[in-house]
Amino acid sequence: MATLSKKRIKDVFNDSLKNVRSGKMANVSGIMLQHGYSPSSARALKVTQTKTWQDCLAQIDDDEIIKKFQEIVRSEDKRSAIAAGIELLKLKDRYPANKMKLSAYKEETERIIE
């Protein structure tokens, strides 16, 4: 049985995913506030740093996102579909801009440690 905090994290995740699938921004911080998180936790996006959140992300098949992009070519609402795909990839840290930031952060951390 999931704890209350895990349930809240999953609820925030599912609501964010609903936004993304409908072509809106994820708005994780706004959804966190709706689910009773403090403003400081919402600003820091604390739920996205949890194992529960990462487990939820891992359940989304990347192939599903890629197939969706292929469907975009035939879609009338390309802008919303592209935005939704980009948001999902950002959430999964698969978007190139996020990868560059992460690798730069790792390099800087390694430099400091040495």
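Does Thr109 fit the bill of being modelled with pLDDT of 80 or more and either assigned to a helix (DSSP H, G or I) or among the charged types (D, E, K, R) (or both)?
no
For segment 1-41, name all the residues that are within 14 Å of the chain's Cα centre (by Cα) and among the aliphatic types (A, V, I, L, M).
Selection gives Ile9, Val12, Leu17, Val20, Met25, Ala26, Val28, Ile31, Met32.
Only one of these conditions is not met by Leu91: (1) among the hydrophobic types (A, V, I, L, M, F, W, C); (2) at pLDDT 75 or above; (3) in contact with a Leu (Cβ under 7 Å, 6 or more places away or on another chain). Which number is it?
Unmet for Leu91, out of (1) among the hydrophobic types (A, V, I, L, M, F, W, C); (2) at pLDDT 75 or above; (3) in contact with a Leu (Cβ under 7 Å, 6 or more places away or on another chain): (2).
Of all the residues that make up segment 25-57, how many are under 25 Å from Ser80 (Cα atoms) and out of contact with any helix residue (DSSP H, G or I) (no Cβ under 8 Å at 6 or more places or on another chain)?
Count: 1.
Within segment 32-40, does at least one residue satisfy the condition of being surrounded by 15 or more Cβ atoms within 10 Å (Cβ to Cβ) and within 15 Å of Lys90 (Cα to Cα)?
No - not one qualifying residue is present in segment 32-40.
Which condition from (1) at pLDDT 85 or above; (2) over 24 Å from Lys6 (Cβ atoms) is the one that Val28 breaks?
Exception for Val28: condition (2).
Within segment 33-46, how many residues turn out to be under 17 Å from Leu17 (Cα atoms) and touching a Lys or Arg at 6+ places or on another chain (Cβ under 8 Å)?
1
The values are calculated or read from the model by the stated rules, or taken from the named source; none is laboratory data. In this text, all values refer to a predicted model and were calculated from it rather than measured experimentally. Positions of Cβ are generated from backbone atoms using ideal geometry, with glycine treated the same way; all protein chains shown enter the neighbour counts.
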